[in-house]
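What follows is a single structure, written as structure tokens, with notes after it.
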Number of protein chains: 2
Amino acid sequence: MTDLLQVVQECGFLRLREDGRVVTRVYDRFTQASGLKPTQFSLLVAASLIDRANVNQLAEIMAMERTTLTRNLRPLEKKGLIKVMAGEDRRTRLVIVTDAGRNAVKRALPLWKEAQGYMAKSLGAARWCMLREALDVTTRVKMPR
Amino acid sequence: MTDLLQVVQECGFLRLREDGRVVTRVYDRFTQASGLKPTQFSLLVAASLIDRANVNQLAEIMAMERTTLTRNLRPLEKKGLIKVMAGEDRRTRLVIVTDAGRNAVKRALPLWKEAQGYMAKSLGAARWCMLREALDVTTRVKMPR
DNA sequence: AGCATATAGGTGCGTATACACGTATACCCT
DNA sequence: AGGGTATACGTGTATACGCACCTATATGCT
């Protein structure tokens, strides 16, 4: 019983997932007018920054399973925001952000900023900053073994 | 372009989801010998603590959409770790942890502790603690409007 | 050249997540 | 008693996530 309490009080995974759900809903509320889900927005931004990235590179940057990325690209492709085309190496597939994609990012940016502002206001600037710093380090945790 | 850099550097949502993916993989690696995914483990623990909870209560505790919880209960039910039964109020459905469920938690607990230890070791005790504190506050952020 | 291996990527399956919408039961007020 | 509302929950649909497994192309070694 004491052990179980310890889990709900101290589990890093549990907290991270809970916050993921909470914060995702917040960002989703703000960005929804853009037609982009937060996941799609951040993926599109990453793809814009490394234009003509291949699937592996993008997955690496996003700390995402390659196969997950492949599928996450689908909704963006369906909306015409990106195109996936063969590169010079016949194995690689390049992710190209279309003009529509760039416009979508431009439209969503102010909404994203509102979301950021809301988080900062809710937590207080100091805690908001600390949170992001703590999360920053954690991203670089390596798999065991 | 500067704006895009700002997104990948400062977006709380992005960091949270990335870390969610990274940390989930770590915990999954450790708990996988128990046959429980981290999500299932933490849900089972929560259900054990508030035994005979109804769906709404459990969803509230987990900061999870009610409908998500309903579906997340399914794999646990299939494995015989919980039973969902009607309560006195004919509308409510109670989540009952079975003996098999309690045993599964017992078996998984040491694996969970290893995962916690690995995280603490990877980040350093101080940063690990700070991270969990920061996440703790964030869970209580309310929806806008 | 020819085969082994490494690299790039996709599919099948199962789980996790949430919104919109629908159903059934309880409660309350006249 | 009867009708309106509130409460408790499920389903349909779409996205997000990752492991196991598979295919195709490139590369390197003999």
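The values are calculated or read from the model by the stated rules, or taken from the named source; none is laboratory data. No experiment lies behind these values; they were computed from the predicted model shown. Because the Cβ atoms are built from the backbone with ideal geometry, glycine has one as well, and the counts that use them run over all protein chains shown.
Can you work out which of the residues in region B:124-144 that are of a type in the set (D, E, K, R) and assigned to a helix (DSSP H, G or I) is farthest from the other protein chains (Cβ to nearest Cβ)?
The extreme case among them is B:E133.
Going by what's in this entry, would B:R17 be described as within 11 Å of DNA strand D (Cβ to nearest atom), more than 19 Å from B:T138 (Cα to Cα) and not small (G, A, S)?
For B:R17, the condition - within 11 Å of DNA strand D (Cβ to nearest atom), more than 19 Å from B:T138 (Cα to Cα) and not small (G, A, S) - is not met.
Could you go through region B:79-100 and let me know if any residue there is among the hydrophobic types (A, V, I, L, M, F, W, C), under 13 Å from the mean Cα position of the chain (by Cα) and within 14 Å of chain A (Cβ to nearest Cβ).
no
Please specify each residue of region A:1-25 satisfying the condition of being farther than 16 Å from B:A108 by Cα and more than 7 Å from chain B (Cβ to nearest Cβ).
A:Q9
Mind checking whether some residue in region B:67-77 is more than 12 Å from DNA strand D (Cβ to nearest atom), more than 11 Å from chain A (Cβ to nearest Cβ) and closer than 26 Å to A:E10 by Cβ?
Yes, region B:67-77 contains a residue that is more than 12 Å from DNA strand D (Cβ to nearest atom), more than 11 Å from chain A (Cβ to nearest Cβ) and closer than 26 Å to A:E10 by Cβ.
List the number of the failed condition for B:V23; all other conditions in (1) at pLDDT 95 or above; (2) over 30 Å from A:A126 (Cα atoms) hold.
(2)
Which of (1) of a type in the set (D, E); (2) within 9 Å of DNA strand D (Cβ to nearest atom); (3) out of contact with any helix residue (DSSP H, G or I) (no Cβ under 7 Å at 6 or more places or on another chain) is the odd one out, the single condition B:D51 does not satisfy?
Looking at each condition in turn, B:D51 falls short on (2).
Looking only at region A:38-51, how many residues end up being within 14 Å of DNA strand C (Cβ to nearest atom) and touching a Ser or Thr at 6+ places or on another chain (Cβ under 7 Å)?
Residues that pass the stated criteria total 1.
Give A:T31, A:T138, A:T39, A:T98 a once-over and let me know the one that is among the hydroxyl-bearing types (S, T, Y) and over 30 Å from B:M130 (Cα atoms).
None of the others qualify; the one that does is A:T98.
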